[in-house]
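Below you'll find the structure, written out as structure tokens, and then a few comments.
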Amino acid sequence: MSAEQAGTQQRAGKLLLKELDYSVLQQCMHCGMCLPTCPTYMETKRERNSPRGRISLMRAIADDEATVSKSFADEMYYCLGCLACQTACPAGVNYVELFETARADIENTGAAGHGQRDFWRWLTLEVLFMKPRLLRFVGMLMRWYQQSGAETFVRKFGLTRLAPKSLRDLEPQSPRIAPEFSDAIINTVELPQGTRRYRVGMLTGCMQDLVFPDVNRATVDVLLANGCEVVTPRVQSCCGSLHGHNGATHLAKELARRQLDTFEIESLDAIITNAGGCGSHLKHYGHLLHDDPDYAARAALWDTKVKDIHEWLVQIGFRKPQAGVEIPEVTYHESCHLCHGQKVVSQPRAVLNAIPGLKVVELPESNWCCGSAGIYNITQPEQSAKLLERKLDNIAQTGACAVATSNPGCHLQIAYGLKNRVQAMCRTVTQPVTLLAEAYRRESPPQ
């Protein structure tokens, strides 16, 4: 056990909500502006299922009027963490800090723990997502299972019924693992003298690396097309967002330190992320490590350089492509943590609108959560399914044949939903940077 983990255990009696700056808890004015933006409140119309209701519960714990109970844990994990309330809040309440602190207290006290849950948390958070090479090995095993015929055999003969119900329900949603990972298809490219405008680092992620390395390659291609020399470190670790959002603060800090050690921050103009959920967490390493004497300064510098790919492209004035893409029209679903967490809203639309001949149809409730929300589709499958149906209904209203998004979780969730809607007009799920890369590739080569 590390010294930090031991310290966390010792702090279990000292709740983090009580140590939090009390002004953060007091900031909520109870005005109710957040209520119509909160998917769980709109589902139940119960005050405790709203942001201000949850903040009241947190404040009661800080004031010694309540304890960190199983009921409190259930409520905090019923929350999507979509941060729509932060966008709506006129007082600027830092809900993400409150939300993550509450979940850390839940895990430190064991309020939500039981044998099966504890096992899966250990296997995923403490083992797989802390060891990138092991995660890749498991990905290769999944790829073999999917491509060898084993998956077809298991499904054909109904062998999934031997698994627990929770796993049976998840099995159809398992992502298709890519044949090659980012390391195999991306190389560090040094641009010729005089053509380099910027030098940037490329974050490849963990699930993005296993499932969507083609999006990582498209991101690099787009950066190169805009005069950015790209540095892509090999076998990168998870960014820690999964851990930070699920109460494993000490592991999130460890992964943040790994990222800071991986990149030569000072020599880079920007560090590029193309996953909305990851990017929101990556931009707050400074706060996460503010009390670390060895990493605080570098973490603060890191925060200033992390840029979402669309944000960066608009910032540097990206080159508009001269060619179009195969699909004639697209609608755009906003990743919650991209629009609410990072406040990147217009830039992905600017990328899509720059592609010649591509009609962009606005999606009703484009920033309403699709139900993926990290691992929400695993922990809260019923509520997740309701949100997915609402999203699919809105996509159908647009009449578009394709939907673009900017987060791997959203991509997988929507693709799974459309696959099960056999009559849906929309059959393609893609990403804005993928379409921009395609447009660049379709341009006539220079004569």
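The one condition from (1) polar (S, T, N, Q); (2) assigned to a loop (DSSP other than H, G, I, E, B); (3) touching a residue at least 24 places away in the same chain (Cβ under 8 Å) that GLN193 does not meet is (3). Please work out if GLN173 is open to solvent by 40 Å² or more (accessible area, probe 1.4 Å) and within 22 Å of the chain's Cα centre (by Cα). So GLN173 passes the test.
So if I check each of PHE129, PHE99, PHE119, which one is closer than 30 Å to GLN259 by Cβ, surrounded by fewer than 14 Cβ atoms within 10 Å (Cβ to Cβ) and hydrophobic (A, V, I, L, M, F, W, C)?
Details: PHE129 fails: surrounded by fewer than 14 Cβ atoms within 10 Å (Cβ to Cβ); PHE99 fails: surrounded by fewer than 14 Cβ atoms within 10 Å (Cβ to Cβ).
Answer to the check: PHE119.
On the basis of being under 28 Å from ALA415 (Cα atoms), in a helix (DSSP H, G or I) and open to solvent by less than 30 Å² (accessible area, probe 1.4 Å), does LEU260 make the cut? For LEU260, the condition - under 28 Å from ALA415 (Cα atoms), in a helix (DSSP H, G or I) and open to solvent by less than 30 Å² (accessible area, probe 1.4 Å) - is not met. Scanning the stretch 321-351 for residues that are of a type in the set (A, V, I, L, M, F, W, C), surrounded by 22 or more Cβ atoms within 10 Å (Cβ to Cβ) and closer than 25 Å to VAL306 by Cβ gives CYS336, LEU338, CYS339, VAL344, VAL351.
Considering ARG136, ARG168, ARG197, the condition of being within 22 Å of the chain's Cα centre (by Cα) and of a type in the set (Lys, Arg) is satisfied by ARG136 alone.
Could you run through the stretch 11-36 and say how many residues are within 26 Å of LEU288 (Cβ to Cβ), assigned to a helix (DSSP H, G or I) and not aromatic (Phe, Trp, Tyr)?
Within the stretch 11-36, the first condition is being within 26 Å of LEU288 (Cβ to Cβ), and the residues that meet it are 11-28, 34.
After this cut, where a residue has to be assigned to a helix (DSSP H, G or I) as well, the list is 11-13, 16-19, 22-26.
Applying the additional criterion that residues be not aromatic (Phe, Trp, Tyr) yields 11-13, 16-19, 23-26.
Summing the residues that are within 26 Å of LEU288 (Cβ to Cβ), assigned to a helix (DSSP H, G or I) and not aromatic (Phe, Trp, Tyr) in the stretch 11-36 gives 11.
Among helices (runs of 4 or more DSSP H) entirely within the stretch 203-251, having at least 1 residues that are closer than 21 Å to ARG442 by Cα and modelled with pLDDT of 95 or more singles out 213-225. In the stretch 276-293, the residues that are touching a residue at least 12 places away in the same chain (Cβ under 8 Å) and open to solvent by 30 Å² or more (accessible area, probe 1.4 Å) reach residues that are outside any loop (DSSP other than H, G, I, E, B) and of a type in the set (Phe, Trp, Tyr) with C-beta atoms within less than 9 angstrom, at least six apart or across chains, in these pairs: LYS283/TRP302.
Within the stretch 402-447, being without any contact (Cβ under 8 Å) to a residue 12 or more places away in the chain and not in a helix (DSSP H, G or I) holds for VAL422, GLN423, PRO445, PRO446, GLN447.
Okay, residues lined up against (1) under 30 Å from ALA396 (Cα atoms); (2) touching a strand residue (DSSP E or B) at 6+ places or on another chain (Cβ under 8 Å); (3) charged (D, E, K, R):
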{"site": "GLY276", "(1), (2), (3)": "yes, yes, no"}
{"site": "HIS281", "(1), (2), (3)": "no, no, no"}
{"site": "PRO293", "(1), (2), (3)": "no, no, no"}
{"site": "GLY324", "(1), (2), (3)": "yes, no, no"}
{"site": "ARG349", "(1), (2), (3)": "yes, yes, yes"}
{"site": "CYS370", "(1), (2), (3)": "yes, no, no"}
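The values are calculated or read from the model by the stated rules, or taken from the named source; none is laboratory data. Predicted, not measured: the structure shown is a model, and the values here were computed from it. All Cβ positions, even for glycine, are placed from backbone atoms using ideal geometry, and neighbour counts span all protein chains on display. Surface areas here come from the heavy atoms of the whole protein model, side chains and all, with no ligands, DNA or RNA. Shrake-Rupley method; radii C 1.70, N 1.55, O 1.52, S 1.80 Å.
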